[in-house]
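Since every read-out is calculated from the coordinates, none of them should be taken as a lab result. Owing to the predicted nature of the structure, the values given are computational and were not obtained by experimental measurement. Note: ideal-geometry Cβ built from the backbone for every residue, glycine included; neighbour counts use all protein chains shown.
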Amino acid sequence: MSQDTPLFVISVAAELCGMHPQTLRQYDRIGLVSPTRTSGKSRRYTMQDVAHLREVARLSAEGVSLEGIRRVLELVDQNTALNARVRDLERELANQVMSQPGNRVFAAGEQGVIRLNPGQRPERSGSVVLWKRR
């Protein structure tokens, strides 16, 4: 099971969050937390939904409006997705660099920027090396 597995009916999710089930229905209507639905249209909450609901309760207790909370959660989700994308791109770049050694274009060191031939190493190990993708 993952955090995205719908497990909890609304009464259990409300109890886990310390909220009333009607509050969860309202949050669903305004889009703060959108649980999955069964074929019979009943709500099923995941562990991630419960964590979001707890965050909603915390922000609400600090005086943040529901619209502000919606925006905060949206930005947190967007940030998480972007971080995952950056990690994927870094991994892809590292794999490409490792599979094609010797593709240095230039290096920057105390002497300034110097051009390097494929396979040539800069004189100092502390130099900044930029790679050119093919």
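Points worth noting:
- Radius 12 Å from Cβ of residue 16, net charge of other residues (Lys, Arg +1; Asp, Glu -1): -1
- When you filter the trypsin sites (Lys or Arg not before Pro) in region 1-59 for DSSP loop state and at most 13 other Cβ atoms inside 10 Å of their Cβ, you are left with 41.
- Cut-off 11 Å between beta-carbons: net charge of the residues surrounding residue 27, Lys and Arg +1, Asp and Glu -1: +2
- Put simply, the amide H of residue 36, placed in the peptide plane, has neighbours under 5 Å in 44, 46, leaving out anything fewer than 5 places away on its chain.
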